[in-house]
Structures are given as structure tokens and as C-alpha cells.
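A.B. asks: Here it is: the structure, laid out below.
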Amino acid sequence: MLRFKLVYSDNYYLPIGTHVFPAEKYRRVHDRLLESKVASQDDFLTPDPANDQDILLVHTPQYVEKLKTGTLTPREELQMEVPYSPELVRAFWLAAGGSMLAANYALKDRVAFNIGGGFHHAFPDHGEGFCMIHDVAVAIRRMQRDDKIRTAMTVDCDVHHGNGTAAIFAGMRVPTDPLPSRSASTLDTGSPKVRNAHAGEVFTISLHQENNYPAWKPPSSIDVDLPDGIGDQEYLAWLDNALSSGLRQFDPELLCYIAGADPYKEDQLGGLNLTIEGLKKSDELVFRVAKARDIPVMVTYAGGYAQKIDDTVTIHCNTVAAAKEIFG
Ligand SMILES: [Zn+2]
């Protein structure tokens, strides 16, 4: 039995038909974790859906009303890039409930997973990029409202910029010192551009491929705009750099790790060059840093569009295995 909980429901499945987003990945990760004996049935918790008040901590009443009444405009539905249905609304409310539950268990057990969520492209007033509701932001806002935490840090390793996260937690930004440039670069992949601006109660870090969706990247507290084709070593160095810099500036009571599987070299929507082993090392790095500083970690999954869905499942399962190795 694990020393932490995995929040999961079969109803995480997103009813979006044939789509590049592998909606069945959640069930396959759940099944693989059991088959490979990384986890046992007792490690899983079933979430309840968030209620509307929770969703409204992040999203506008007008947007929530449109979702509940099926009155998105065709343009809004197109921008979301997943076909609207009441069942899809239920799946996103459930994902938000799952992240809320995982955040609570992270405070208790030092780490907890939502085997889903990470919908970092959702904005307060609209959805985009397969994301309807920003489950991580809802969880953070609910924890703050309940006085369980005051501050949080998001560490977003999805290959795509966390534009929704950045917009939601924008607050007042003050430019701070740039990250120290790395001295020993062995790969000729060009230098990432790093933008750095301090946030209020939630500090947002995004490592992403610069030349990828979304075109407009509202500033996070730290943005690492990676050039195309970055590999394991370079990526890990920038992740280490961003974490150190962020934690020098900010002392979070909860770290929300958005563990996207799409920096993988065989991802259909990504242009970085990480291996499955490199991605696991990223997981280990985030967990090691959080453990050393005694910061609870809540994990969500975000994207993953490997040509072979088995690879996406492996990458997501490895994140649980990494937590098991580091947290016991
Ligand atoms: Zn992504």
C-alpha cells in the first residue's frame, strides 16, 4: 500500500469521441498501476464533483451559466476544441472535485495525485485547448477559502504554456531578477528565454516549448520559453533552475505539479525531445525538491498525445512510481 492517495473515478473519461486527446488514458493509468502493482485498490479514493460555488471561485457566473445551460456560442465551443455536452460538463466538475480532494490529502500525506485534471488552458470566462474548467485553480482557491493554505505554487511541465493558470493568478506582477544563466550548456539547441515576474499569493512556473500553442502566453511568475527539440539534460537543468529561483523568491504552502506527458519526443502535439526516462527524472526532481523543503505536493496529469497511447500511460504511471520512490 502506498503512503499517499490516488484520486480517481471511471467517470473522468471525457466523452469527446474520436479526438487527439486520449480520453481513456485515465482508466488505462488506473488499470496499469494495479496490474504493475505500483498501487493497490486501497490506494484509490473516489472524488465527488465540485459544486458550483467551488467552480465560481475561479470562473465567471456568465461562463458557468453557459456551461450549465448549453448556451456556449459556436465560436466558444470551437475555442474549447472539445465538443460540448452536459456529460462533458459533469466530467470537468468531477475533475475539479478530484483536484480538491487531492489537495486536501497532499496536506495530510505530503503528496497526493489526481489521476486526471491539470486543465491549465481554462480561463475564468472561457475554455480552450481541451480545457473547460481549471481544476487546479479551483482546488487552490477552495483551499484558500477554507483557510487551509494561504500560498501555493504551480509547477507546470506540460509542453504547452499554462496560459489559463497565468491569467487566473496574474494579480500584481513586479519584474524580478532574471534567472542566472547556465554556464555549462553542452547542447547546441539555443538559449531558452526566461521571463520572470513575481505574483501575489500564487506563484506560477511554466516550462514549455515557446514555438507551440498557445500563441498568446500571458506572463507566469516564471516562464521558461524552451526552444524546439530540447532533450533530457537541458530540460532538467532548466527545471532545476526554475524551481530554485521560484523557491528563493516564494515560500508556498502547497505545490501543484502539473505533470504533462507531452514534452515526450514522440508526442504528436509537442516539439521537445525528452525520453520516458528523462520525464521520470523531472518527476523525481520536483518531488525531491518539495520533500527537502517540506512542501506538500498535489499532482495532476494535463496533456499527453504520444503516438502510442501506451507511452503516455507509462509516463503518467512513472510519476506515481517516482513519488513512491521518493516519499516511500
Ligand atoms: Zn499540453
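A.B. asks: Once label points are set 7 Å from the Cα along Cα→Cβ at both GLN79 and GLN41, what is their separation, rounded to one decimal in nm?
C.D. replies: 4.5 nm
A.B. asks: Normalising by the residue count of the chain, find the relative contact order in percent from Cα pairs under 8 Å and 6+ residues apart. Intermediate results must be reported in sequence, preceding the final value.
C.D. replies: Numbers: 729 pairs, mean separation 63.8, N = 328.
In percent, rounded to a whole number, it is 19.
A.B. asks: Here is a further query. Need one number: nm distance between label points at GLU65 and MET1, each 7 Å from Cα along Cα→Cβ, rounded to one decimal.
C.D. replies: 4.8 nm
A.B. asks: Moving on. Which percent of the accessible heavy-atom area of the range 274-320 goes to carbon and sulfur, probe 1.4 angstrom?
C.D. replies: After summing per-atom areas, the C and S share lands at 46 percent.
A.B. asks: Please list, in order along the range 101-106, the HN-Hα scalar couplings obtained from phi with the Karplus expression 6.51 cos²θ - 1.76 cosθ + 1.60 (θ = phi - 60°), rounded to whole Hz, x for Gly and Pro.
C.D. replies: Once rounded to whole Hz, the list reads 5, 5, 4, 4, 6, 4.
A.B. asks: Continuing with this model, one more query. Using the reciprocal of the averaged 1/r over all distinct C-alpha pairs, how large is the Kirkwood radius of the range 9-125 in Å?
C.D. replies: 15.5 Å
A.B. asks: Using a 1.4 Å probe, what is the accessible area per residue for the range 250-320, in Å²?
C.D. replies: Numbers: 2270 Å² over 71 residues.
Averaged over the residues of the range 250-320, the accessible area is 32 Å².
A.B. asks: With Cβ to Cβ distances under 15 Å as the rule, what net charge do the other residues near GLN307 carry (K, R +1; D, E -1)?
C.D. replies: After counting each charged neighbour, the total is -2.
A.B. asks: Let me ask you something else. At a 1.4 Å probe, what is the % contribution of carbon and sulfur to the accessible area of the range 65-151?
C.D. replies: Taking all protein chains in place, the range 65-151 shows 51 percent carbon and sulfur surface.
A.B. asks: Mind checking Rg over Rh on the range 12-57, alpha carbons, Kirkwood formula for Rh?
C.D. replies: 1.09
A.B. asks: While we're here: Step through the residues of the range 288-295 one at a time and calculate ³J(HN,Hα) from phi using the Karplus curve (6.51 cos²θ - 1.76 cosθ + 1.60, θ = phi - 60°), rounding each to whole Hz and writing x for Gly and Pro.
C.D. replies: 5, 5, 5, 5, 4, 9, 6, 9
A.B. asks: Work out how much length ARG145 to GLN233 would gain on full extension: take 0.36 nm times their residue separation and subtract the Cα-Cα distance, in nm to one decimal.
C.D. replies: Taking 0.36 nm per residue and subtracting the Cα distance, the gain is 27.7 nm.
A.B. asks: Still on this structure: Residue by residue through the range 139-156, what is 3J(HN,Hα) from phi via Karplus (6.51 cos²θ - 1.76 cosθ + 1.60, θ = phi - 60°)? Round to whole Hz and write x for glycine and proline.
C.D. replies: 4, 4, 5, 5, 5, 5, 4, 7, 6, 8, 9, 10, 10, 8, 10, 9, 10, 9
A.B. asks: Using a Debye calculation, one point per C-alpha and no hydration shell, please list log10 I(q)/I(0) for the range 51-105 at q = 0.16 Å⁻¹ in order.
C.D. replies: Normalising to I(0) and taking log10 leaves -0.51.
A.B. asks: Along Cα→Cβ, 7 Å out, is where each label goes; now give me the distance between the ones at THR18 and ASN51 in nm to one decimal.
C.D. replies: Output for this residue pair reads 4.2 nm.
A.B. asks: Inverting the mean 1/r over all pairs of different Cα atoms, compute the Kirkwood radius of the range 73-166 and quote it in Å.
C.D. replies: After inverting the mean inverse Cα-Cα distance, the result is 13.8 Å.
A.B. asks: Expressed in whole Å with the largest first, what are the equivalent ellipsoid semi-axes of the chain derived from the C-alpha gyration tensor as the square root of 5 times each eigenvalue? Could the numbers behind the result be given before it?
C.D. replies: Details: eigenvalues 137, 101, 86 Å².
Whole-Å semi-axes of the equivalent ellipsoid: 26, 22, 21.
A.B. asks: Can I ask one more? Which three numbers, in whole Å and largest first, are the semi-axes of the equivalent ellipsoid of the range 230-320 derived from its Cα gyration tensor as √(5λ)?
C.D. replies: 24, 14, 10
The values are calculated or read from the model by the stated rules, or taken from the named source; none is laboratory data. Treat the numbers as computed from the prediction; the structure is a model and nothing was measured. Cβ coordinates were reconstructed from backbone atoms using ideal geometry, including for glycine residues, and neighbour counts include every protein chain displayed. The accessibility values were calculated without ligands, DNA or RNA, using every heavy atom of the protein model including side chains. Shrake-Rupley method; radii C 1.70, N 1.55, O 1.52, S 1.80 Å.
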